[in-house]
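Notes to accompany the following structure.
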Amino acid sequence: MKMKAIVYEKYGPPDVLVLKEVEKPTPNDNAVLVKVCAASVNVEDLDYLRGNSWAVRMLGPLKPKYSTLGFDVAGCVEAVGRNVKAFQPGDNVMGDLFNYGFGAFAEYVCAPEEALVLKPASITFAQASTVPSRAILALQGLCGKRQLQPGQKVLINGAGGGVGPFAVQIAKYFRAEVTAVDSTTKLGMLRSIGADHVIDYTQEDFTKNGRRYDLILDVSARHSIFDYKRSLCPKGLYVMVGGSRATIFQVLFLGPLISMLGDKKMGLIAWKPNKKEDLEVITELIESGKIVPVIDRCYPLNAVAKALRYFEEGAPKGKTVITVDPDNKI
Ligand SMILES: NC(=O)c1ccc[n+]([C@@H]2O[C@H](COP(=O)([O-])OP(=O)(O)OC[C@H]3O[C@@H](n4cnc5c(N)ncnc54)[C@H](OP(=O)(O)O)[C@@H]3O)[C@@H](O)[C@H]2O)c1
């Protein structure tokens, strides 16, 4: 049996991606065959496409390790391997396949059962495809070290992309006072999902305005670690999710030292994908309407290259989604 998939055989820009007929995968005894309804676009897809990080080149020095990208997926279970207990054909699921070979920019993908959870019934497949990796990163970044307290001042830097809108809404759920930082066009969306204050980073440098925060969650770290330290209240916590290589190195090497010598704590989170307890929390928050995924645009499967270009240009307010089965509106 054949299926359509977006494949690439060499590293490069989005133009190297082609829509092809390939073999439909067959699940092994521990895997689930998912009919993909939607898959969202992430920066890691671009890293794997362009092969511009050492981690990607270690996996595939000369040519890509995986032929089809896409790892945040939502769809319908079509078949299950004989050892699969948690799912049956017809279940609607979502999952993060980052550690399981990608492959979601296709009509079907196989996934081990531990990579999947049931899709919350209250959201569409397109919305569900934005959740698995980004909502987990937001939750683990905000709630990893200590419980957020009502009234605490939380700043989310780079709040307008994939992780940020989940982080803003989770922090509001904990009744924090939230400041969201991003570029001009994203500020309206950030206000609409509950941010108390917004800062346009193209106009104002939050590390120089004299305000202090109990928690800074940094999705787009570009400043020096000392700038961030200055923006923390006494006993404040700085959590880096992503950003420039220079800041990653500073946070990795100086963060533990600063944390040991003073009362401010600074570090980088290590993402724990598919953590079931975290996904349960996120699912509950979604079902109760406390968090709503934010989608900027949807593209069909044959326009993955266009979607990646759009994402790369930095324009999306929230997530960019590939709707593989646009008829399925559940
Ligand atoms: N720590 C871990 O274990 C781990 C695991 C997985 C992923 N990650 C990291 O998590 C991050 C992914 O986050 P995401 O999905 O939210 O990314 P995203 O969708 O690309 O969003 C990033 C946001 O930051 C904004 N931004 C760009 N430059 C900025 C600046 N100087 N100041 C403030 N905001 C700025 C962007 O807006 P404009 O483009 O409009 O400026 C965009 O809205 C990546 O860095 C990834 O490497 C970390």
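Each reported figure results from applying straightforward, stated rules to the coordinates on display, with no laboratory input. Note that the structure is a prediction, hence the values are computed from the model and not measured. All Cβ positions, glycine included, derive from the backbone under ideal geometry; neighbour counts span all protein chains shown.
If one computes the Cα centroid of region 277-291 and of region 57-75, what distance in Å separates the two points?
What the calculation gives is 29 Å, centre to centre.
Using +1 at the Cβ of each Lys and Arg and -1 at the Cβ of each Asp and Glu in the chain, identify which of 207, 106, 117 lies farthest towards the dipole's positive end.
Result: 207.
State which entries of 172/319; 235/290; 2/35; 35/319; 4/119 exceed 18 angstrom in Cα-Cα distance in the structure shown. Intermediate results must be reported in sequence, preceding the final value.
Details: 172/319 20 Å; 235/290 28 Å; 2/35 13 Å; 35/319 21 Å; 4/119 24 Å.
Among 172/319; 235/290; 2/35; 35/319; 4/119, the Cα-Cα distance tops 18 Å for 172/319; 235/290; 35/319; 4/119.
When N is the residue count of region 134-268, what does its C-alpha Rg come to as a fraction of 2.2 N^0.38 Å?
Against the compact-globule rule of thumb, the ratio is 0.94.
Suppose every Lys and Arg Cβ carries +1 and every Asp and Glu Cβ carries -1, with no other charges. What dipole size does the chain come out with about its Cα centre, to the nearest 20 debye?
Dipole magnitude for the chain comes out near 720 debye.
Between 37, 76, 51, whose Cα lies farthest towards the positive end of the dipole of region 37-86 when Lys and Arg beta carbons carry +1 and Asp and Glu beta carbons carry -1, centred on the Cα centre?
Of the listed residues, the answer is 51.
Residue separation times 0.36 nm, minus the C-alpha to C-alpha distance between residue 18 and residue 83: what's the value?
That works out to 20.0 nm of additional length.
Return P(r) of region 41-121 (all Cα-Cα pairs; 5 Å bins starting at 0; whole %; ordered from short to long distances).
3, 15, 25, 20, 15, 10, 8, 4, 0
Given the chain, what percent of its DSSP beta bridges are antiparallel, to the nearest 5?
Taking every DSSP beta bridge with both residues in the chain, the antiparallel ones total about 55 percent.
What does the net charge come to around residue 140 if you take all other residues with beta carbon closer than 14 Å to its beta carbon, with K and R at +1 and D and E at -1?
+1
Viscosity 0.692 mPa s, temperature 37 °C: what is the translational diffusion coefficient of the chain from Stokes-Einstein with a Kirkwood Rh over Cα pairs, rounded to a whole number of µm²/s?
162 µm²/s
Quick check: from the Cα gyration tensor, does region 167-224 come out rounded (a/c under 1.5), prolate or oblate?
oblate
Using 5 Å bins from zero, what percent of all Cα-Cα pairs in region 245-330 falls into each bin?
For region 245-330, the binned pair fractions read 3, 11, 11, 11, 14, 18, 15, 8, 5, 3, 1, 0 percent.
Would you mind getting me the FRET efficiency between residue 185 and residue 147? Use the beta-carbon distance for r and R0 = 35 Å, nearest 0.05.
Once the sixth-power term is evaluated, E becomes 0.55.
Between region 229-248 and region 134-167, what is the separation of their alpha carbon centroids in Å?
With region 229-248 and region 134-167 each reduced to a Cα centre, they are spaced 13 Å.
Which listed residue (294, 224, 283) has the Cα farthest towards the positive end of the charge dipole for region 197-301, taking +1 on Lys and Arg C-beta and -1 on Asp and Glu C-beta about the Cα centre?
Ranked along the dipole, the leading option is 224.
Between residue 290 and residue 230, what is the label-to-label distance in nm when each label sits 7 Å out along the Cα-to-Cβ direction?
3.6 nm
Can you work out the Karplus-derived ³J(HN,Hα) for every residue in region 264-272? Use 6.51 cos²θ - 1.76 cosθ + 1.60 with θ = phi - 60°, whole Hz, and x for glycine or proline.
Those phi angles translate into 8, 10, 9, x, 10, 7, 9, 4, 10 Hz.
I want to make sure I understand the PRE zone here: with the label point 7 angstrom from the Cα of residue 99 toward its beta carbon, which residues in region 223-253 have backbone N atoms less than 19 Å away?
Under cut-off, by backbone N: 241-242.
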